[in-house]
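Below is one structure, written out as structure tokens; the observations come after it.
The values are calculated or read from the model by the stated rules, or taken from the named source; none is laboratory data. Remember, it's a predicted structure, so these values are computed and weren't measured experimentally. Methodologically, a virtual Cβ is constructed for each residue, glycine included, from the backbone with ideal geometry; neighbour enumeration extends over all protein chains shown. With ligands, DNA and RNA removed, areas are computed over all heavy atoms of the protein, side chains included. Shrake-Rupley method; radii C 1.70, N 1.55, O 1.52, S 1.80 Å.
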Amino acid sequence: MNYDYLIVGAGLFGAVFAHEATKAGKKCLVIEKRNHIAGNIYTEESHGIAVHKYGAHIFHTSDEEVWEYVTKFADFNHYVNSPVARYKDELYNLPFNMNTFAKMWNIKTPAEAKAKIAEQIAEAGITEPKNLEEQAISLAGRDVYEKLIKGYTEKQWGKSCTELPSFIIKRLPLRFVFDNNYFKDPHQGIPKEGYTAMVAKMLDGIEVLCDTEFRAYAEPLAEGGYKNAQGDTFAKLVYTGMIDEFYDYRLGELEYRSLRFETEYLPEEDNYQGNAVINYTEREVPYTRIIEHKHFTFGGGEGTYVTREYPATWQKGDEPYYPMNNDKNNELYKAYRALAEEDRDVIFGGRLGMYQYFDMDKVVRAALDTWRAEAGQ
Ligand code: FAD
Ligand code: UDP
């Protein structure tokens, strides 16, 4: 075998794994079907603004080792995510905190906010939440649910909140202090030079082929491993694409959720919306949020870029942005996992290979752990 690893996908998982393996003296080739590296965290510089091509990406973590790791490849700024929610003509701070409650009910103290929420929870009479709607009402009360959660969530997932699992909403913090910082993690920020530069640094000195789809590039060898048309051989595959697609959907299709991004350059505008992220929480507005990219790096550049994010039904061939981790899909994923465990030449990684709603820090952690297991460390 003239390569140790063929790594499919130049996203964050592929890049971290390739970096670690190369550092340990292994020979890696990374292939990527898109025409660029960095996967969904790809940023492109235009008019002096780093445009997040696949949606807003804010790095945040409580994992000290992961923070130490990523800061070796990029200088992070001190951006703190504080999205604003727009419901019809009303603006609210997110995550749900005293600023949100004060605006919603014209109250002033945590005791008043808690009393209001408790009153609404009691009125709803939910003891054990069975779905996202019940979970949300029993967490934040009916007003917050109806104005800030219901419309957004139903647009985002294309399903009624009564049909969605409650874990989705558990990501959303609720707090009784005047604090608009979305994330609780001690570390947060955006790479000053963009995520693409960070991933490029991870991949420095490693062979990468873009515009290269795995299926057209390599095939399994009878004796184990893979080979390409030029006769190169690879002892192992690290696959960060969809696990069900890899196995030709032989056990059935996993479900995903897609997105459509509409990006607009406004040359005459300096500050379109005054914040990096504004969520549109009413059902009637077809997009979930508008991102104004320059605010991730505190302004600068010429004009401004804004992106509207439209949730979309996923069909084969579309970008599978989100795995849909409900019970049915998780069961099917387990069956694919069992198949993968018998497959000694393939390691699955990342959001699609592991079919998990992973944030970036969890992807870095998974890649480091996968590499360590591989290296027997
Ligand atoms: P990917 O980035 O998807 O990389 C996989 C790569 O493999 C892709 O480039 C793909 O083209 C390539 N590939 C797949 N199949 C093949 C094939 N057959 N042949 C060749 N190449 C192939 N995380 C945060 O921490 N903070 C955030 O604020 C945040 N915001 C997000 C917003 C949105 C809209 C989305 C969708 C995700 C967000 N995330 C966020 C999550 C973050 O994007 C992921 O954690 C991360 O990008 C996953 O990296 P990955 O390497 O697993 O996957
Ligand atoms: N959510 C919501 N209202 C909002 C923002 C989020 O109801 O204004 C819900 C929605 O169900 C979403 C989940 O919270 O899917 C997680 O949101 P987050 O922004 O953390 O997820 P992301 O889409 O960035 O991964």
task = Would you mind stating whether Tyr3 is open to solvent by 10 Å² or more (accessible area, probe 1.4 Å), within 14 Å of ligand 1 (Cβ to nearest atom) and of a type outside the set (S, T, N, Q)?
result = no
message = Looking at (1) more than 23 Å from Ile347 (Cβ to Cβ); (2) part of a helix (DSSP H, G or I); (3) aromatic (Phe, Trp, Tyr), which one does Tyr79 not meet, given that it meets all the others?
response = (2)
request  = Might you let me know whether the range 367-376 holds any residue that is within 16 Å of ligand 2 (Cβ to nearest atom), under 26 Å from Ile168 (Cβ atoms) and acidic (Asp, Glu)?
outcome  = no
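Okay, residues lined up against (1) away from ligand 2 (no atom under 16 Å from the Cβ); (2) open to solvent by 40 Å² or more (accessible area, probe 1.4 Å); (3) touching a Cys at 6+ places or on another chain (Cβ under 9 Å):
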{"site": "Leu203", "(1), (2), (3)": "yes, no, no"}
{"site": "Leu209", "(1), (2), (3)": "yes, yes, no"}
{"site": "Glu223", "(1), (2), (3)": "yes, yes, no"}
{"site": "Lys227", "(1), (2), (3)": "yes, yes, no"}
{"site": "Asp244", "(1), (2), (3)": "yes, no, no"}
{"site": "Gly252", "(1), (2), (3)": "yes, no, no"}
{"site": "Asn275", "(1), (2), (3)": "no, no, no"}
{"site": "Thr281", "(1), (2), (3)": "no, no, no"}
{"site": "Thr288", "(1), (2), (3)": "no, no, no"}
ask   = Looking only at the range 160-174, which residues are surrounded by fewer than 17 Cβ atoms within 10 Å (Cβ to Cβ) and modelled with pLDDT of 90 or more?
value = Ser160, Thr162, Glu163
request  = Could you please let me know if Ala74 is over 22 Å from Thr240 (Cα atoms) and either in contact with a helix residue (DSSP H, G or I) (Cβ under 7 Å, 6 or more places away or on another chain) or surrounded by fewer than 23 Cβ atoms within 10 Å (Cβ to Cβ) (or both)?
outcome  = yes
task = Need at least 1 residues that are touching a residue at least 24 places away in the same chain (Cβ under 8 Å) and within 17 Å of Glu32 (Cα to Cα) per element, so show me which strands (runs of 3 or more DSSP E) inside the range 168-245 make the cut, counting only ones lying wholly within it.
result = 207-209, 218-220, 226-228, 233-239
message = Scan the range 53-64 and tell me whether some residue there is small (Gly, Ala, Ser), open to solvent by 20 Å² or more (accessible area, probe 1.4 Å), within 16 Å of ligand 2 (Cβ to nearest atom) and over 13 Å from Gly189 (Cβ atoms).
response = yes
key: Any hit, the range 132-150, residues being farther than 22 Å from Lys88 by Cα and assigned to a loop (DSSP other than H, G, I, E, B)   = no
key: Subset of the range 1-30 that is over 21 Å from the mean Cα position of the chain (by Cα) and assigned to a strand (DSSP E or B) - its residue that is nearest to ligand 2 (Cβ to nearest atom)   = Val30
